[in-house]
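The values are calculated or read from the model by the stated rules, or taken from the named source; none is laboratory data. None of the values given here were measured: they were computed from a predicted structure. Backbone-built Cβ (ideal geometry, glycine too); neighbour counts: all protein chains shown.
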């Protein structure tokens, strides 16, 4: 697949999506969002890909936000259309049945931080910086920041980030629960791919059930979440991988999952 603003490659069951606009710190414009939707839609239907790593080209930025040069002269109707484009891409990434890992180098600001939060796991370089600076432009986050950020770091910390618009460093992001792990810059992709490789060795349909149960549960009441968990767990018993997993446990060997 060839894209104007993305690079995409597959290897060993891992899809690697790179936002490729380093000259603008990987700023997110309409083309980027449309291409992200397209590539993740294709990944959803590609059985060869079991895990996805999303990253940005260069060391300066994962994505330094939505492209202000595109947004500056939009009217209300135009920005609503742009937000709908963002939502379409963001929802496609968030609801992907396969695990997603954001590998974050440099700035993840505004829409960049919101994009990273669409992924299941986030690994950051020690040099990464996070923020929702929209308040300084006379805006609020419009790509999920007011909703996903409180769910990850809590309401008080989300308000601190959004109200003040200040950046936080990688260590702070880790302590707040915004990222899962912080590594030296030179180890970023190595660690992300190592995590992806471990996930690729798990059962794809069972991982999909785990992701569905978690994502559904956090957005509903506890009773509905527990009901979804029970349904997803029961569906695992319809897979060959569940049979293999339990058989391997009883035989004291490593399970070999076939994603069936």
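Being surrounded by 15 or more Cβ atoms within 10 Å (Cβ to Cβ), touching a residue at least 24 places away in the same chain (Cβ under 8 Å) and over 22 Å from residue 27 (Cα atoms) is the filter here, so list the residues in the stretch 143-170 that pass it.
Residues satisfying the conditions are 152, 153.
Here is a yes/no grid of residues against (1) crowded, with 17+ Cβ neighbours inside 10 Å; (2) more than 23 Å from residue 120 (Cα to Cα):
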residue: 29; (1), (2): yes, no
residue: 35; (1), (2): yes, no
residue: 45; (1), (2): no, no
residue: 59; (1), (2): no, no
residue: 65; (1), (2): yes, no
residue: 69; (1), (2): no, yes
residue: 74; (1), (2): no, yes
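Go through (1) more than 19 Å from residue 191 (Cα to Cα); (2) surrounded by fewer than 24 Cβ atoms within 10 Å (Cβ to Cβ) for residue 110 and report which single condition fails.
The failed condition is (2).
Pick from the stretch 182-192 the residues that are surrounded by 15 or more Cβ atoms within 10 Å (Cβ to Cβ) and under 17 Å from residue 54 (Cβ atoms): which of them is nearest to the chain's Cα centre (by Cα)?
192
With the condition kept exactly as written, say whether any residue in the stretch 179-187 is assigned to a loop (DSSP other than H, G, I, E, B), within 18 Å of residue 94 (Cβ to Cβ) and modelled with pLDDT of 95 or more.
Looking through the stretch 179-187, at least one residue is assigned to a loop (DSSP other than H, G, I, E, B), within 18 Å of residue 94 (Cβ to Cβ) and modelled with pLDDT of 95 or more.
Kindly evaluate residue 193 against the criterion of being under 14 Å from residue 122 (Cβ atoms), modelled with pLDDT of 95 or more and in contact with a strand residue (DSSP E or B) (Cβ under 8 Å, 6 or more places away or on another chain). Can you show your working first?
Details: under 14 Å from residue 122 (Cβ atoms): no; modelled with pLDDT of 95 or more: yes; in contact with a strand residue (DSSP E or B) (Cβ under 8 Å, 6 or more places away or on another chain): yes.
Against the criterion (under 14 Å from residue 122 (Cβ atoms), modelled with pLDDT of 95 or more and in contact with a strand residue (DSSP E or B) (Cβ under 8 Å, 6 or more places away or on another chain)), residue 193 does not qualify.
Take the residues in the stretch 212-222 that are in contact with a helix residue (DSSP H, G or I) (Cβ under 9 Å, 6 or more places away or on another chain) and in a helix (DSSP H, G or I), then tell me which one is nearest to residue 14 (Cα to Cα).
If we filter the stretch 212-222 for residues that are in contact with a helix residue (DSSP H, G or I) (Cβ under 9 Å, 6 or more places away or on another chain), which is where we start, we get 212-220.
Filter once more, keeping what is in a helix (DSSP H, G or I): 212-218.
Numbers: 212: 20, 213: 23, 214: 22, 215: 22, 216: 25, 217: 27, 218: 27 Å.
The residue in question is 212.
Among the candidates 138, 154, 165, which residue alone is touching a helix residue (DSSP H, G or I) at 6+ places or on another chain (Cβ under 7 Å) and farther than 17 Å from residue 61 by Cβ?
Working: 138 fails: touching a helix residue (DSSP H, G or I) at 6+ places or on another chain (Cβ under 7 Å); 154 fails: touching a helix residue (DSSP H, G or I) at 6+ places or on another chain (Cβ under 7 Å).
That would be 165, the only listed residue that is touching a helix residue (DSSP H, G or I) at 6+ places or on another chain (Cβ under 7 Å) and farther than 17 Å from residue 61 by Cβ.
Please go through the stretch 196-206 and pick out each residue that is in contact with a helix residue (DSSP H, G or I) (Cβ under 9 Å, 6 or more places away or on another chain) and at pLDDT below 95. Talk me through it step by step, then tell me what you get.
From the stretch 196-206, those in contact with a helix residue (DSSP H, G or I) (Cβ under 9 Å, 6 or more places away or on another chain) are 199, 202-206; that's our starting set.
Those that are in contact with a helix residue (DSSP H, G or I) (Cβ under 9 Å, 6 or more places away or on another chain) and at pLDDT below 95: 202, 203, 204, 205, 206.
Just wondering, is there one or more residues in the stretch 231-248 that are in a helix (DSSP H, G or I), under 18 Å from residue 95 (Cα atoms) and in contact with a strand residue (DSSP E or B) (Cβ under 7 Å, 6 or more places away or on another chain)?
Within the stretch 231-248, none of the residues are in a helix (DSSP H, G or I), under 18 Å from residue 95 (Cα atoms) and in contact with a strand residue (DSSP E or B) (Cβ under 7 Å, 6 or more places away or on another chain).
In this structure, is residue 173 in a helix (DSSP H, G or I), assigned by TED's automatic domain parsing to the domain that holds residue 50, surrounded by 14 or more Cβ atoms within 10 Å (Cβ to Cβ) and touching a residue at least 40 places away in the same chain (Cβ under 8 Å)? Before you say what the answer is, go through the steps one by one.
Working: in a helix (DSSP H, G or I): yes; assigned by TED's automatic domain parsing to the domain that holds residue 50: yes; surrounded by 14 or more Cβ atoms within 10 Å (Cβ to Cβ): yes; touching a residue at least 40 places away in the same chain (Cβ under 8 Å): yes.
Yes: the conditions hold for residue 173.
Could you name every one of the strands (runs of 3 or more DSSP E) located completely within the stretch 1-80 that has at least 2 residues being on the phi < 0 side of the Ramachandran plot and more than 16 Å from the chain's Cα centre (by Cα)?
Numbers: elements: 6-11, 14-19, 51-56, 61-63.
Counting at least 2 such residues, we get 6-11.
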